[in-house]
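To start, the structure itself, in structure tokens.
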Amino acid sequence: MLLAVAIPILTKTVFPEVVSKQAKMVFDAIDDLPDGSRILLSYDFDPASQGELLPMAQAFTRHCSIKGHKQYYMALWPLGSPMVDLSIDTIKSEYPDMVRGEDYVKFDYKTGGEAVIRMITQDLRGMFELDSRGISLDDIPMTKNVKNIQDMDLIINVSAGDPGTKQWVQFAATPFGITTVSGCTGVQAPQMYPYIPEQLAGVLGAIKAAAEYEAAIDEAYPSIADNPKAQEAKRRMGPQLVAHSLMIGLILVGNWIFFMSRKRGQA
Amino acid sequence: MKRTVPLVIAIVAGFVLLIANFIPYAEDWGLTAQEWFNILAVGAMVLGGGNLIKLHLMKVSGQRKGWGYSVVTIVCFFGTLVIGMSKLGVHPNTLYPNYAWSGYYLERGSGLWWIYQHMVVPLTSMMFAMLAFYVATAAFRAFRAKNIEATLLLVTAGIVLLGRTYAGVWFFDNGWWSCPDWLLWLRFDNLTVWIMDIPNTAGTRAITIGIALGVVATSLRILLGVDRSYLGQD
């Protein structure tokens, strides 16, 4: 298994991706918005799942930046805040024309999970008086006219568990009809599909969907295909293909041994 | 008194949130209750930390099995707490240069950043990565075609595993063979989408509705004071 994962990583093997219906739905939810729309991005994951979720979080950031959307970052997990910093680093390095406070802003982590969501659906300042740099929201151009997150055009949630997508659906998307998309771990994804399409406009499940989403961005905005950092999820599909194939092979061999030993036992 | 006061608080807060959800006039009551919840959540974090330390100190003092790990936990806990609270290596925020502790707690190069970058990230990533090996061994044991149910599980898992990679497409469209259009629905990635959309969604919806009904029943029991198990044994 170690070799199955290591060899494609070291050889940098990348396979083509076919964009699935789910990835297209997420892509369209962001792309169909008029340029400069307000998007809330909540990073509810930590370094443990960054291997699976960070590429899609970064893809969200790049897509929103290409479209010139206003990006409002927050985290319901204590270690989600440093994940947001990685996206802000991406904006600073790849989209230097974007200005902090005018195009993107970060709110620091607040404890409370779903209570934070409930509060900001009514009163953003009740939870975040200042941004992460200590500036009052009334002095930041992109937040001074925002009363609560009902003013957002879209919520993007990158989730590895609770609090996460389920809570965003329960306390923001469903009661207030705020369009929401989710990027979540493979384990969570089956629980999120029932929310589509009414409560969630789309779900990206694990690294495979992230790779498809990257492919969708590449198709729509070919210039991004030259950026190797924007192909991270696709790069991770190589190890996944070899590891999954190995798994299937081992399961088949295991079953063959099982049947042979049972046959011998019967004889 | 020890049980009555928390019971009253839970019942009042529960009803306030319930009423605030349905009566627009009472919306502000709900917000106030949520503010209280957030304040209490911060208190709960402190309480959790205290409890963790108490348990591990007891383990060390009793020299119970694995007490060495508890020493590591205690040292790491206080080390992180002191470095984080003192904002070691953090420069003041440029907007508030006269306030020594006004800087960002995870500033690049600071003490807490170092702990996060060089200890938290590799350790948690390693734990998550190890799951791959556990999943592999568990799958190997679970996917034995012992009976019809196990065979169904095995076939489904095989389709999803292949559908989640480029192999799902490649088997049906490669240099040697190209699948006719009328058979495209059999492609592993399309079958995976169907499995997720139809059988999985149906099953998950049923489970979700069941859980929701259970939550309603439990909430009612708590609101009416019938269920007091959350108060503990004392």
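Just so it is clear, none of the values below were taken in a lab; they were calculated from the coordinates. Fair warning: this is a prediction, and the values are worked out from it, not measured in the lab. Neighbour counts are summed over all protein chains in view; Cβ atoms, including those assigned to glycine, are modelled from backbone coordinates with ideal geometry.
Would you work out the charge dipole size for the protein assembly as shown about its Cα centre, treating the Cβ of every Lys and Arg as +1 and the Cβ of every Asp and Glu as -1, and quote it to the nearest 20 debye?
Result for the protein assembly as shown is approximately 2380 debye, rounded to the nearest 20.
Enter the angle in degrees (range 0 to 90, nearest 10) between the Cα long axis of helix A:21-31 and the first principal axis of the Cα atoms of chain A, meaning the one along which they spread out most.
The angle comes out at about 20 degrees.
What list do you get for A:131, A:123 if you sort them by fewest beta carbons within 10 Å?
By the 10 Å Cβ count, ascending: A:123, A:131.
Taking the simple approach of a point 7 Å from Cα along Cα-to-Cβ for both residue A:102 and residue A:187, what is their distance in nm?
Taking the two extended label points, one gets 4.3 nm.
Output the Kirkwood hydrodynamic radius of the stretch B:1-85, Cα pairs only, in Å rounded to one decimal.
Over the stretch B:1-85, the inverse of the mean reciprocal pair distance is 16.0 Å.
In the neighborhood of residue A:120, defined by Cβ-to-Cβ distances under 15 Å, what is the net charge if each Lys or Arg adds +1 and each Asp or Glu adds -1?
Numbers: positive: A:38, A:106, A:110, A:118, A:125, A:147; negative: A:44, A:108, A:114, A:123, A:129, A:131, A:151, B:27, B:35.
Counting the neighbours of residue A:120, the net charge comes to -3.
Treating the stretch A:153-192 as a set of equal point scatterers at the Cα positions, no solvent, please give the Debye-formula log₁₀ I(q)/I(0) at q = 0.19, 0.24, 0.25, 0.34 Å⁻¹.
Treating every Cα as an identical point scatterer, log10 I(q)/I(0) equals -0.47, -0.72, -0.78, -1.20.
Full-extension gain between residue B:147 and residue B:77, please, as 0.36 nm times their residue separation minus the C-alpha to C-alpha distance.
Stretched fully, the residue B:147-residue B:77 segment lengthens by 20.2 nm.
By a straight-distance test (C-alpha under 26 Å), which lysines pair with residue B:65 as possible cross-link partners, with residues fewer than eight away in the same chain excluded?
Partners found: B:54.
From other protein chains only, count the Cβ atoms within 10 Å of every residue's Cβ in B:104-112, then give the mean. It would help to have the intermediate numbers written out before the result.
Details: counts 7, 3, 6, 0, 2, 0, 0, 0, 0.
Counting Cβ atoms of other protein chains within 10 Å of each residue's Cβ and averaging gives 2.
Run through every distinct alpha carbon pair of the protein assembly as shown and return the Kirkwood hydrodynamic radius in angstroms, one decimal place.
Its Kirkwood hydrodynamic radius stands at 25.4 Å.
Return the average number of partner chain Cβ atoms within 10 angstrom of each residue Cβ along peptide B:138-149. The partial results should precede the final answer.
On the way: counts 0, 5, 6, 2, 1, 7, 7, 5, 3, 0, 0, 0.
Going residue by residue through B:138-149 and averaging, the value is 3.
Pop the C-beta distance of residue B:52 and residue B:206 into the FRET formula with R0 = 41 Å and round what comes out to the nearest 0.05.
Rounded to the nearest 0.05, the efficiency is 0.60.
With every atom except the alpha carbons ignored, what do you get for Rg and Dmax of the stretch B:111-175, in angstroms?
18.5, 57
For chain A, take the longest principal axis of its alpha carbons; what is the angle in degrees between that and the long axis of helix A:2-11, to the nearest 10 within 0 to 90?
The helix A:2-11 is inclined about 60 degrees to chain A.
For the stretch B:59-123, I need the span (max minus min coordinate) of the C-alpha atoms along each principal axis, in Å, sorted largest to smallest.
Taking max minus min along each principal axis of the Cα atoms, the stretch B:59-123 gives 51, 25, 10 Å.
List the lysines whose alpha-carbon lies under 18 Å from that of residue A:208, not counting same-chain residues fewer than 8 positions away?
A:12, A:21, A:24, A:229, A:234
Work out the P(r) tail for the stretch B:143-234: percent of alpha carbon pairs separated by more than 21 Å, whole number. Can you show the working numbers first?
Numbers: 2412 of 4186 pairs.
In whole percent, the long-distance tail amounts to 58.
Can you tell me the Rg and Dmax of chain A, counting just the alpha carbons, in angstroms?
Looking at chain A, its Cα Rg and Dmax stand at 20.5, 83 Å.
For the stretch B:90-133, what value does the Rg/Rh ratio take when both radii are computed over Cα atoms and Rh is the Kirkwood radius, given to two decimals? The partial results should precede the final answer.
Working: Rg = 15.3 Å, Rh = 12.0 Å.
Here Rg/Rh amounts to 1.27.
Nearest 5 percent is fine: what portion of the DSSP beta bridges confined to chain A is antiparallel? Present the calculation step by step, with values, prior to reporting the outcome.
Working: 1 of 25 bridges.
Antiparallel bridges make up about 5 percent of those DSSP assigns within chain A.
If we restrict to alpha carbons, what Rg and Dmax does the stretch A:211-267 come to, in Å?
My reading of the Cα-based Rg and Dmax gives 20.5, 65 Å.
How big is the Rg/Rh ratio for the stretch A:160-226, C-alpha atoms only, Rh by Kirkwood, two decimals?
Working: Rg = 13.4 Å, Rh = 12.7 Å.
That ratio equals 1.05.
Which order do B:127, A:25, A:74 fall in if you start with the one that has the fewest other Cβ atoms within 10 Å? List each step's numbers first, then the result.
Working: B:127 11, A:25 17, A:74 26.
In order of increasing Cβ crowding within 10 Å: B:127, A:25, A:74.
Could you tell me the largest-minus-smallest coordinate of the C-alpha atoms of chain B on each of the three principal axes, in descending order and whole angstroms?
Principal-axis extents of the Cα atoms in chain B, largest first: 70, 51, 50 Å.
Rounded to the nearest 5, what % of DSSP beta bridges with both residues in the protein assembly as shown are antiparallel?
Counting only bridges with both partners in the protein assembly as shown, antiparallel ones make up about 10 percent.
Please compute the modelled spin-label separation between residue B:23 and residue A:1, points set 7 Å along Cα→Cβ, answer in nm with one decimal.
So the two model labels end up 5.7 nm from each other.
So which lysines can residue B:59 reach, going by Cα to Cα under 23 Å and dropping same-chain residues fewer than 8 places off?
Answer for residue B:59, where 23 Å is the Cα cut-off: none of the lysines qualify.
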